[in-house]
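Novice: First the structure, then my questions, so here it is.
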Amino acid sequence: MMEKSGPDLETLLHRLAETPAEFLAEPRVGNAGAVHVAALVNDLLALHGQRATLAALEHFTATGADVRSERNRLALVMITGWLLADAWLINAALPQHQLLHLLGAVVTELAQAGVAHQFVEDPDRREELVRVALARLDYRPAGETVAQAADRLSRISGVERKRLLEASRAAEQRAAEIRAALARKAAEESADKWSRE
Amino acid sequence: MVARMTDTAADEEQERFPTLTEAGRAMLAFLREHPAAPIYRNHSGNKLLAHEVRDVRQFEREVAAASVGWPADGKPAWLADFVRDTCASVPYYRQLGAAALTFELLPTVSRADFAADIAPFVPDSADVARMINFRTTGTTGHPLVIASHPVVAARYLAFHKRAMRRFGVELTHGAGQVGVVLLGYQQRCFTYVSVTPAMGESGLAKINLYPDDWRKPEDRATYLDALAPEVLAGDPISFTELLKLPLTLRPRVLLSVSMLLLPALRAQLEQRFGCPVLDIYSLNEVGPVAVFDAAAGGHVLLQPQLYVEILDAAGNPVAPGQRGEITLTGGFNFCLPLLRYRTGDYASLTIGADGAPVLVQLSGRSPVRYHARHGWINNIDVTHALQHLPIPHFSVHQRADGHVVLRLAQAGSRLGADARSALETLFGAGAVSLEVLTAQDKTVQYSSDLEGAHQ
């Protein structure tokens, strides 16, 4: 993750702080709200020279499940969409699957952890959104090493800390399974080689 | 209770020999139940599923057809993809963020890293359910458990065949015959019988020539002659014991692994059995690496997907032709892909006439200098001084006061006296004493307590 050196962090933070009012408007959920977020995502992908399938865009139309959380999620999709319309990122030729993953699963997780507009108004949340977005696109802020970027991301992002904890648990479980497998009697018996070192 | 035991035994046989036919079962019975058979103390098997037997055969064809090596001023074509995949799928490298590093900046790893915990070096794709291990105690104080797989074990044969082909040997045995007998000569030894499905379920026996493993010592020759294997695999110690037996068998080839094989012992074996004796450089961590070919000037590499660097103590590549530590990237064990693995063995590297890289003056473990009559000499000079003698295994230690201790099993024999006088030509009369080396000793071959011996 974050293998490539990316854009200047300050530029993106400033861009988020200056998010235009249209991107802070109410997303369409049921009969309420003005902005059709699926159409906005479609426009964003077009800016990146891409065309999304209808199936992919369906994710950005509100489901009837929970109006409040859907509203928050789609509001954050709009804000993240504004971030991704940055000229540096457009020129980076980002793969569509990464963009859709960021706007989909990653934004859903961030929206569960905080109010969408906080990612514009609060300086720490702004930095969290920018760092998480860059990391998921495999970039780190310009001038930072991988270690620095990883450290700052985990400091500022509860979502990232949770992700790291889960990854660490999964890695430890896998390592324990390997150790156990190698300690089995059947593994001890080994298998045929035509020479033994 | 009896029925349950039988079921358990059947389940175990199914796991050890998933593709066993009646012919294979008959071969196992022949190996186990021969009147002169040894006391088999363990069980093992090929554990190969039917599709894996096909895969192993295909792998053998690919290894036979592939070229080994890389451009003199570059790296092998497969290396970049291999490094990328390994950095992405192996937890140890993923955690380091190694994918961002150029090859030369990737950290080296050593036996001590694997010994500390092998699990982080096993890729996500490795199937835990089929995993097996290979265990070595070694001489460096780091017992090692290597993650492996039945297919990996079966792949060894592809590299043995490549080595044999270099010496004009093509294996011809098949069903109803014994392919290989692996020889040990240790007080305690893992022994078992098996069959090789990729060779028509030919027989495989791993036996211990130590007399305690036999009903009577004479059975050793009777049994080996009855098996008449096409290949005998062992090490200089077990081959020395083999030379003492009144055998009539005529193997096609002998494979010597694990230890330095001195030319005099090789010549004795070649003369006695009338076949080539292949000295194979092989490690549990990576399998057969190279085979010695005097015409090529050293050990010729065998694996198409194994890249060798020669590094200095600081981990930097040495100048072409210089000696350093053999460091490996690649390999055929998909449970343990190697990235810059420092073997602890030393050689220089040249490119042979056929384009295959050659390890020149290969020696195990860290080089040691000895203070001799005319100044410092290398441990290779010691090897040269002894190479005309058929010594299976020895160790040389220089004490802090400069006195040299030569250990070999034959210390009390004429061979021991000859070995001591050979070393006294280097160190001076009276400067070398003899001690007995037992077959069980896992020794560091070259060592010294003298200041300046380890550079």
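The values are calculated or read from the model by the stated rules, or taken from the named source; none is laboratory data. Keep in mind that what you see is a predicted model, and the values were worked out from it rather than measured. Please note: Cβ atoms are built from the backbone with ideal geometry, for glycine as well, and neighbour counts cover all protein chains shown. We work out accessible area using only protein heavy atoms, side chains counted, and drop any ligands, DNA or RNA first. Shrake-Rupley method; radii C 1.70, N 1.55, O 1.52, S 1.80 Å.
Novice: Rounded to the nearest angstrom and ordered from largest down, what semi-axes does the equivalent ellipsoid of the stretch A:31-140 get from its C-alpha gyration tensor (root of 5λ)? List each step's numbers first, then the result.
Specialist: Numbers: eigenvalues 82, 67, 26 Å².
Over the Cα atoms of the stretch A:31-140, the semi-axes work out to 20, 18, 11 Å.
Novice: Can I ask one more? Collect residues whose amide H, placed 1.01 Å from N in the peptide plane, falls under 5 Å from the amide H of B:LEU278; neighbours closer than 5 in sequence don't count.
Specialist: Under 5 Å from the amide H of B:LEU278: B:LEU254, B:LEU255, B:SER256.
Novice: Shifting gears a bit: How many nm separate the modelled label positions at A:ALA105 and B:HIS374, each set 7 Å beyond the Cα in the direction of the Cβ?
Specialist: 7.1 nm
Novice: Choose one of B:ALA431, B:TYR156, B:LEU106: the residue whose Cα lies farthest towards the positive end of the charge dipole of chain B (beta-carbon charges +1 Lys, Arg; -1 Asp, Glu; about the Cα centre).
Specialist: Looking along the dipole axis, the top candidate is B:ALA431.
Novice: Same structure again: Can you tell me the Rg and the Dmax, both Å, for the Cα atoms in the stretch B:21-157?
Specialist: Looking at the stretch B:21-157, its Cα Rg and Dmax stand at 19.7, 62 Å.
Novice: Given contacts defined as C-alpha pairs under 8 Å and at least six residues apart, what's the relative contact order of the stretch A:1-137, whole-number percent? Present the calculation step by step, with values, prior to reporting the outcome.
Specialist: Details: 152 pairs, mean separation 44.0, N = 137.
Relative contact order comes out at 32 percent.
Novice: I would also like to ask the following. Using 1/(1 + (r/R0)^6) with R0 = 41 angstrom and r between the beta carbons of A:GLU172 and B:ALA66, what's the FRET efficiency to the nearest 0.05?
Specialist: The value I calculate is 0.60.
Novice: Report the percentage of all Cα-Cα pairs in the stretch B:205-251 whose separation exceeds 15 Å, rounded to a whole percent.
Specialist: Details: 434 of 1081 pairs.
Percent of Cα pairs beyond 15 Å in the stretch B:205-251: 40.
Novice: Additional query: Mind checking the dipole of the stretch B:150-213: about its Cα centre, +1 per Lys or Arg Cβ, -1 per Asp or Glu Cβ, Debye to the nearest 20? Please list the in-between numbers first.
Specialist: Values: 7 positive and 4 negative charges, 78 e Å.
The dipole magnitude comes to about 380 debye.
Novice: Let me ask something additional. Choose one of A:LEU76, A:ALA38, A:GLY64: the residue whose Cα lies farthest towards the positive end of the charge dipole of chain A (beta-carbon charges +1 Lys, Arg; -1 Asp, Glu; about the Cα centre).
Specialist: Final value for the positive-end residue is A:GLY64.
Novice: Do you know the relative contact order of the stretch B:313-417, to the nearest whole percent, from alpha carbon pairs under 8 angstrom that are 6+ apart?
Specialist: Reported as a whole number, the value is 14 percent.
Novice: Right, next: Tell me which of B:VAL195, B:LEU227, B:GLY274 sits at the most positive position along the dipole axis of the stretch B:192-307, charges placed on C-beta atoms (Lys, Arg +1; Asp, Glu -1).
Specialist: B:GLY274
Novice: What are the extents of the Cα atoms of chain B along their three principal axes, listed from largest to smallest and rounded to whole Å?
Specialist: Computed over chain B, the largest-to-smallest principal extents equal 72, 60, 45 Å.
Novice: Would you list the P(r) distribution for the stretch A:73-197, with all Cα-Cα distances sorted into 10 Å bins from 0 and each bin expressed as a whole %?
Specialist: The distribution over the stretch A:73-197 is 11, 34, 25, 10, 12, 7, 2, given as percents.
Novice: Work out the length of the dipole vector of chain B about its Cα centre, built from +1 on the beta-carbon of each Lys and Arg and -1 on the beta-carbon of each Asp and Glu, and round it to the nearest 20 debye.
Specialist: The dipole of chain B has a size of about 520 debye.
Novice: Here's another thing I want to ask about it. Eigenvalues of the Cα gyration tensor times 5, then square-rooted: what semi-axes does that give for the stretch B:276-422, in whole angstrom, largest first? All intermediate terms of the calculation are to be shown ahead of the outcome.
Specialist: Working: eigenvalues 182, 65, 45 Å².
The equivalent ellipsoid of the stretch B:276-422 has semi-axes of 30, 18, 15 Å.
Novice: Oh, and also: With contacts defined as alpha carbon pairs under 8 Å and 6 or more residues apart, what's the relative contact order of chain B in percent?
Specialist: 14 percent
Novice: With +1 on the Cβ of every Lys and Arg and -1 on the Cβ of every Asp and Glu, and nothing else charged, how large is the dipole of the protein assembly as shown about its Cα centre, in debye rounded to the nearest 20?
Specialist: Dipole size: approximately 1240 debye.
Novice: Taking amide H positions as placed in the peptide plane 1.01 Å from N, state which residues far from B:ILE146 in sequence (5 or more) or on other chains have amide H under 5 Å from it.
Specialist: HN-HN under 5 Å from B:ILE146: B:PHE134, B:ARG135, B:THR136.
Novice: Report the dimensions of the stretch B:113-201 along its three principal axes from the alpha-carbon atoms, largest first, rounded to Å.
Specialist: Its Cα atoms span 43, 37, 27 Å along the three principal axes.
Novice: Return the long-range amide H neighbours of B:ALA372 (sequence gap of 5 or more, or a different chain), with a cut-off of under 5 Å between placed amide H atoms.
Specialist: Sorted by chain and number, the residues that satisfy this are B:ILE377.
Novice: While we're on this one: Which of the residue pairs A:LYS193/B:LYS75; A:LYS4/B:LYS75; A:LYS185/B:LYS161; A:LYS193/B:LYS161; B:LYS47/B:LYS206 have a Cα-Cα distance greater than 22 Å in the structure shown?
Specialist: On the way: A:LYS193/B:LYS75 30 Å; A:LYS4/B:LYS75 24 Å; A:LYS185/B:LYS161 31 Å; A:LYS193/B:LYS161 13 Å; B:LYS47/B:LYS206 16 Å.
As for pairs spanning more than 22 Å Cα to Cα, those are A:LYS193/B:LYS75; A:LYS4/B:LYS75; A:LYS185/B:LYS161.
Novice: Next up: If I model a spin label at B:GLN58 and B:GLU104 as a point 7 Å from the Cα along the Cα→Cβ vector, what separation in nanometres do I get?
Specialist: About 3.8 nm separates the two model spin labels.
Novice: Moving on to the next point. Modelling each spin label as a point 7 Å along the Cα-to-Cβ direction, I'd like the B:GLN268/A:ASP43 distance in nm, to one decimal.
Specialist: Label at B:GLN268, label at A:ASP43, 8.9 nm between them.
Novice: I would also like to ask the following. Using the alpha carbon gyration tensor of the protein assembly as shown, what are the three equivalent-ellipsoid semi-axes (square root of 5 times each eigenvalue), largest first, in whole Å?
Specialist: With the √(5λ) rule applied to the protein assembly as shown, the semi-axes are 60, 31, 21 Å.
Novice: Another one. Would you compute the Debye intensity of the stretch B:227-339 from its alpha-carbon atoms alone, equal scatterers and no solvent, and pass along log10 I(q)/I(0) at q = 0.09, 0.21 Å⁻¹ to two decimals?
Specialist: Log-scaled intensity ratios, in q order: -0.31, -1.15.
Novice: At R0 = 51 Å, how high is the FRET efficiency between B:ALA175 and B:TRP78 if r is their beta carbon distance? Nearest 0.05 is fine.
Specialist: 0.90
Novice: Could you check how much of the accessible area of the protein assembly as shown is carbon and sulfur, as a whole percent, using a 1.4 Å probe?
Specialist: 53 percent
Novice: Evaluate the stretch B:180-278: find the radius of gyration of its Cα atoms, find its Kirkwood radius, and give the ratio Rg to Rh.
Specialist: Radius of gyration relative to Kirkwood radius: 0.94.
Novice: For the pairing of chain A with chain B, what total accessible surface becomes buried, with a 1.4 angstrom probe, in square angstrom to the nearest 100?
Specialist: 3100 Å²
Novice: Another question, if that's okay. Set the Förster radius R0 to 60 Å, insert the Cβ-Cβ distance between B:GLU22 and A:GLU18 as r into 1/(1 + (r/R0)^6), and round the FRET efficiency to 0.05.
Specialist: Details: r = 81 Å, r/R0 = 1.34.
With R0 = 60 Å, the Cβ-Cβ based efficiency is 0.15.
Novice: Which is the longest run of chain B containing none of the GluC sites (Glu not before Pro) found in DSSP loop states (not H, G, I, E, B) with at most 16 other C-beta atoms within 10 Å?
Specialist: B:219-450
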